[in-house]
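The values are calculated or read from the model by the stated rules, or taken from the named source; none is laboratory data. Please read these numbers as outputs of a predicted model, since none were measured by experiment. Glycine also receives a Cβ, built like all others from the backbone with ideal geometry; neighbour counts cover every protein chain displayed.
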Amino acid sequence: MQQDSIAAIANSVQLLSAARLIVKIGSGLVFDADTGEIRGSWLETLIEDVARFVGRGQQVIIVTSGAVAAGSRRFCRSDRRLQAEEKQAAAAIGQVQLMIAYEQSLKHHGFAVGQLLLTAQDIDNRHRYLNVRSTLQQLLKVGAVPVVNENDATATTDICFGDNDRLAARVAEMVNADVLILLSSVDGLFTEDPQENQFARMITEVRCITPEIQAMAGHSTARHGSGGMVTKLMAASMVMDVGCEMVISNGSKPYPLAAIENGGPSTWFFPLAKDKGGHDACANCLPQA
Ligand code: GLU
């Protein structure tokens with residue numbers, strides 16, 4: 001059997017067996033920096049994928065970035081970095097554009113959309129945490145698709161997630177998700193930066209975030225997002241601790257979830273196995289290239 005078809009079967013099994021999935025969309029996917037527009041036709045294909053998952057009985061929560069990117073044109077047409085207060089106002093404008101696009105695509109498939117804009121306090125404060133969780137559960141119960149982002153317009157710089165990788169991980173923990181899918185503009189985790197080293201290899205499976213794995217993350221960040229591989233590994237470590245799997249995959253092309261199911265490039269993170277004494281069986285764990 002071809003390596004690709006083995007990967008496709010393995011990936012499909014992982015995704016099919018998940019009752020609840022979180023799909024995190026990076027800014028660079030939903031927003032086209034060249035045209036300055038939301039990528040409407042790409043979004044349609046993502047939502048078609050989501051509709052297929054929901055149609056077979058799975059629950060999906062979307063965590064989306066892109067508000068700052070979508071609203072930033074009002075403030076600046078060059079690559080100048082926005083001031084913090086400009087970013088917050090840009091998010092207030094862009095979040096509306098973002099939700100109009102999600103609402104239109106989801107409505108097309110008969111889904112209502114429920115928007116949740118969260119701050120770090122909503123997760124850290126027990127009472128608010130329980131409220132958020134119950135709102136998410138109620139939305140899923142009635143078949144609506146929750147779409148989550150950080151409340152960038154009100155978050156203060158000293159208390160904010162800053163990146164949606166970790167926000168998505170917190171949401172995954174909160175609702176006991178089975179799989180967290182991080183869609184970004186990279187294929188997965190590489191041994192080194194593939195743009196700088198042609199011999200960089202992609203890691204397909206990680207069972208333990210070792211210092212060696214951490215060193216692979218480097219400090220890359222996308223032009224319009226706040227995360228990079230470092231925050232993706234932080235997210236992986238958070239969800240693996242609570243028994244949730246995570247996958248990083250390149251979502252740039254249409255039908256990004258189908259691409260994972262069809263064995264497209266991706267890095268899977270599997271929760272730590274426990275030994276008989278209940279300790280993390282990490283010591284013998286080596287990454288699979
Ligand atoms: N919340 C930010 C936005 O909507 C994105 C944060 C991130 O890039 O992870 O623009």
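Per-structure values
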read-out	value
Single match in 139, 130 (criterion: crowded, with 20+ Cβ neighbours inside 10 Å and more than 22 Å from residue 28 (Cβ to Cβ))	139
Qualifying positions in region 58-97 - assigned to a loop (DSSP other than H, G, I, E, B), touching a helix residue (DSSP H, G or I) at 6+ places or on another chain (Cβ under 7 Å) and more than 12 Å from the ligand (Cβ to nearest atom)	75
Region 98-127, subset small (Gly, Ala, Ser) and buried (at least 16 other Cβ atoms within 10 Å of the Cβ), residue modelled with the lowest pLDDT	120
Inter-residue pairs, beta-carbon under 6 Å, first farther than 20 Å from residue 68 by Cα and in region 227-238, second buried (at least 19 other Cβ atoms within 10 Å of the Cβ) and of a type in the set (D, E, K, R), 6+ apart	234/166; 235/165; 235/166
Some residue of region 31-46 being modelled with pLDDT under 95 and within 13 Å of the ligand (Cβ to nearest atom)	yes
Filter result (among the aliphatic types (A, V, I, L, M) and either assigned to a strand (DSSP E or B) or closer than 18 Å to residue 163 by Cα (or both)) within region 18-57	21, 22, 23, 25, 29, 30, 38
Residue in region 123-146 that is within 16 Å of the ligand (Cβ to nearest atom), over 28 Å from residue 55 (Cβ atoms) and not in a strand (DSSP E or B) present	yes
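Quick grid of which residues meet (1) in a strand (DSSP E or B); (2) free of Cβ contacts under 8 Å to residues at least 60 places away in the same chain; (3) out of contact with any helix residue (DSSP H, G or I) (no Cβ under 9 Å at 6 or more places or on another chain):
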site	(1), (2), (3)
153	no, no, no
161	no, yes, no
165	no, no, no
168	no, no, no
173	no, no, no
181	yes, no, no
192	no, yes, no
